[in-house]
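The values are calculated or read from the model by the stated rules, or taken from the named source; none is laboratory data. Computed from a prediction, not measured in an experiment: that's the story for all the values here. Please note: Cβ atoms are built from the backbone with ideal geometry, for glycine as well, and neighbour counts cover all protein chains shown. Calculation scope for accessible area: heavy atoms of the full protein, side chains included, ligands and nucleic acids excluded. Shrake-Rupley method; radii C 1.70, N 1.55, O 1.52, S 1.80 Å.
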Amino acid sequence: MAQQTPKVKKRAGKVIHSAVSQHALEKAKEIRTRYGDEIDYRTVLNMLEDRKSVRYPVKIRFVSEGIEPGMFAKTEPVSDNPEDGYTILLHSYYKNRHDDIPALILYQLVLVNYGDLATANDAEIFGATVLGMDRDAYYKQIASLVDAAWGC
């Protein structure tokens, strides 16, 4: 009798994450097509009202308290019901830095659209794609903005 080699099964988490990553990339491409090449602060605020782009309502607040050192934002649900929306708390350092805010908000939007299934990689791909940037350049921009807020 021939010995059978067991088939390697993919973990459900990997399959799900792959689907999330692919959907996030496709959604970012759709957004870029819908909003064009110039994604500025006003454009991102309009995007937050567009349920084709952002799954749930989002409000932006600028705060210093509650943002962990080395981070630039925190995204919180308004309630246990996602339909009630989310609040993106951006470090107060960015309040008047309108040219920097779109990249920061886009990074956080994967949490709104995909919740805990989203990863930092998804956030980088999503933000870079919407902005029409190379992923590494986008990552460096985010890292530089974080360093600036924390005086590094």
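Under the rule a/c < 1.5 gives rounded, and otherwise a/b versus b/c splits prolate from oblate, where does segment 85-152 land using the Cα gyration tensor? Provide the component values of the computation, followed by the final result.
On the way: a/c = 1.74, a/b = 1.20, b/c = 1.45.
Oblate, because a/c is 1.5 or more while a/b does not exceed b/c.
In the chain, what percent of the accessible surface is made up of carbon and sulfur (1.4 Å probe, ligands and nucleic acids excluded)? Show your work: numbers first, answer last.
Numbers: 4740 of 9400 Å².
It is 50 percent, rounded to a whole number.
Sort segment 19-152 into rounded, prolate or oblate with this rule: let a ≥ b ≥ c be the square roots of the eigenvalues of the Cα gyration tensor; rounded if a/c is under 1.5, and if a/c is not under 1.5, prolate when a/b is larger than b/c, oblate otherwise.
Numbers: a/c = 1.43, a/b = 1.13, b/c = 1.27.
Here segment 19-152 falls in the rounded category.
Answer rounded, prolate or oblate for segment 34-92, using the Cα gyration tensor with square roots of eigenvalues a ≥ b ≥ c: rounded when a/c is under 1.5, else prolate when a/b is larger than b/c, else oblate.
Details: a/c = 2.82, a/b = 1.27, b/c = 2.22.
The shape class here is oblate.
Say each of Phe62 and Asn46 gets a label point 7 Å from the Cα, pointing the same way as Cα to Cβ; how far apart are those two points in nm?
Computed distance between label sites Phe62 and Asn46 equals 2.2 nm.
Considering only the other residues whose Cβ falls under 15 Å of the Cβ of Asn96, what net charge follows from Lys and Arg at +1 and Asp and Glu at -1?
Values: positive: Arg42, Arg61, Lys95, Arg97; negative: Asp40, Asp99, Asp100.
Here the count lands on +1.
Suppose all protein chains stay in the model; what accessible area per residue would a 1.4 Å probe give for the chain, in Å²?
Details: 9400 Å² over 152 residues.
On a per-residue basis, the chain sits at 62 Å².
So what's the net charge close to Ala28: Lys and Arg +1, Asp and Glu -1, counting the other residues with Cβ under 15 Å from its Cβ? Intermediate values should be presented prior to the final figure.
Numbers: positive: Lys27, Lys29, Arg32, Arg34, Lys52, Arg55, Arg135; negative: Glu26, Glu30, Asp37, Asp50, Asp122, Glu124, Asp134.
That works out to 0.
Which value, in debye to the nearest 20, gives the size of the charge dipole of the chain about its Cα centre, when Lys and Arg are +1 and Asp and Glu are -1 at the Cβ?
Details: 20 positive and 21 negative charges, 136 e Å.
It comes to approximately 660 debye.
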